[in-house]
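Have a look at the structure below before the remarks.
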Amino acid sequence: MTAEKTPMEPAGSYRCRRVNEPLVIDGDLDKPAWKTAAKTPRFLDIRDGLALFDTRAALLWDDTALYVGLWLEDHDVWSTDAERAGLLWPENTAVINLAGPDAHYSLAVDPRGRIRELFFIWKDAYRRGSRWDIPEFDLAVHQPMVLGGDTRPHHTRGMRWLFFDWSFPGLERRVQVHGTLENRHDVDAGWTVELAFPWEGMRRLSDQIAPPRPGDCWRISLGRTQVIDQRAGIHTAVWAWPAPAGGELFDPDGYPPLEFVA
């Protein structure tokens with residue numbers, strides 16, 4: 001886990017560099033492409049700015065996919081086996097949030113490689129004939145949660161449909177644990193996550209040209225949920241880059257620009 005030895009991007013923006021050939025997604029972030037990719041600053045707690053462990057990320061792209069790598073320091077790599085009961089998964093996870101003009105997507109990955117996905121569509125954009133007027137987003141079949149009515153969080157734009165059962169087409173992900181997974185009695189170094197988001201799946205989020213052209217900008221936010229297990233109790237901390245205004249992890253208005261460069 002060598003994230004601290006490579007260049008860092010400034011807070012609040014990210015210039016995503018193009019690679020010449022598709023990456024093999026195996027969880028190994030010691031590949032030459034990742035070693036030279038600029039890293040984000042250390043993730044911050046969304047409430048008070050302090051984070052117990054170092055977490056950083058880097059992004060790359062080519063004509064095939066958007067690639068995301070995350071380095072997560074952790075001296076005890078384990079999973080809670082908890083299920084998601086709402087927006088936040090009470091589990092040790094890496095979180096990737098991608099936003100388009102009228103929809104946004106959130107992926108959480110745990111150290112075992114299990115994932116949970118959320119897809120949000122603004123109600124004012126969900127119209128007949130739109131890109132979401134298809135069976136995979138059929139409201140009667142999938143019965144999404146409605147956010148912004150009686151259910152928080154609220155937003156000035158209004159309500160959102162939240163689909164819990166949507167899967168990103170062609171998503172690839174792998175995890176490597178640097179230590180012993182689920183052994184609570186030894187000291188680990190942490191874990192790494194490597195992901196590929198094919199551009200075809202991105203068409204659900206935006207009508208921008210995919211793959212992008214150099215100079216195009218998308219919006220992304222990266223996060224981490226960490227279960228703090230203490231004798232007095234257990235709570236879930238949320239760390240992110242950048243730390244969102246007001247502590248709201250699922251407000252796409254606050255996601256920084258991701259600029260694609262050659």
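Derivation of every value follows stated rules applied to the coordinates shown; laboratory data play no part. Since this is a predicted model, take the numbers as computed values, not measurements. Note that each Cβ is placed from the backbone with ideal geometry, even for glycine, and that neighbours are counted across all protein chains shown.
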Legend entry - Gap separating the Cα centres of the range 30-68 and the range 111-168, nearest whole Å: 27
Inset, instruction - Give the calculated FRET efficiency between residue 203 and residue 30 to the nearest 0.05, with a Förster radius of 35 Å applied to their Cβ-Cβ distance. - result: 0.65
Legend entry - Estimated 222 nm signal from helices in the chain, with DSSP H stretches of n ≥ 4 weighted -39500 (n - 2.57), rounded to 500: -1000 deg cm²/dmol
Legend entry - Sorted by Cβ density within 10 Å, fewest first, the residues 156, 93, 225, 80: 156, 80, 225, 93
Legend entry - Karplus-derived HN-Hα couplings along the range 200-205 (A = 6.51, B = -1.76, C = 1.60, θ = phi - 60°), whole Hz, x at Gly and Pro: 4, x, 5, 4, 5, 8
Legend entry - Kirkwood Rh, angstrom, the chain [1 / mean 1/r, Cα pairs]: 18.9
Inset, instruction - Rank these for me by crowding, 253, 48, 110, going from fewest to most other beta carbons within 10 Å. - result: 48, 253, 110
Legend entry - Whole-Hz couplings from phi, Karplus 6.51/-1.76/1.60, listed for the range 179-186; x for Gly and Pro: x, 10, 5, 6, 8, 7, 10, 10
Legend entry - D_trans [Stokes-Einstein, Kirkwood Rh over alpha-carbon pairs] for the range 79-192, 4 °C, 1.567 mPa s, µm² s⁻¹: 81
Inset, instruction - Please report the relative contact order for the chain, taking Cα pairs under 8 Å with a sequence separation of at least 6, and give it as a percent rounded to a whole number. - result: 27
Legend entry - Magnitude of the charge dipole, the chain, Cβ model with Lys/Arg +1 and Asp/Glu -1, debye to 20: 580
Inset, instruction - Run down the aspartates and glutamates and flag those whose C-alpha is under 12 Å from the C-alpha of residue 31, throwing out any fewer than 8 positions away in its chain. - result: 194
Inset, instruction - Treat each spin label as a single point 7 Å out from the Cα along the C-beta direction, and report the residue 186 to residue 164 distance in nm. - result: 3.6
Legend entry - Order of 175, 24, 227, 146 under a 10 Å beta carbon neighbour criterion, fewest first: 24, 146, 227, 175
Legend entry - Relative contact order for the range 189-262, counting Cα pairs under 8 Å that sit 6 or more residues apart, in percent: 33
Legend entry - √(5λ) per eigenvalue of the Cα gyration tensor, the range 112-262, largest first, Å: 30, 21, 17
Legend entry - Over 13 Å [Cα-Cα, the range 120-172], rounded percent: 60
Legend entry - Contour excess over end-to-end distance, with Cα ends at residue 134 and residue 231 and 0.36 nm allotted per residue: 30.0 nm
Legend entry - Residues whose placed amide H lies under 5 Å from that of residue 258, excluding near-sequence neighbours: 218, 219, 220
Inset, instruction - Starting from the Cα of residue 47, step 7 Å along the direction of its Cβ; do the same at residue 15; then give the gap between the two resulting points in nm. - result: 3.7
Inset, instruction - Stick to the Cα atoms of the range 78-134, pair each with every other, and give me the Kirkwood hydrodynamic radius in Å at one decimal. - result: 12.9
Legend entry - Built amide H within the under 5 Å cut-off of residue 54, gap 5+: 73
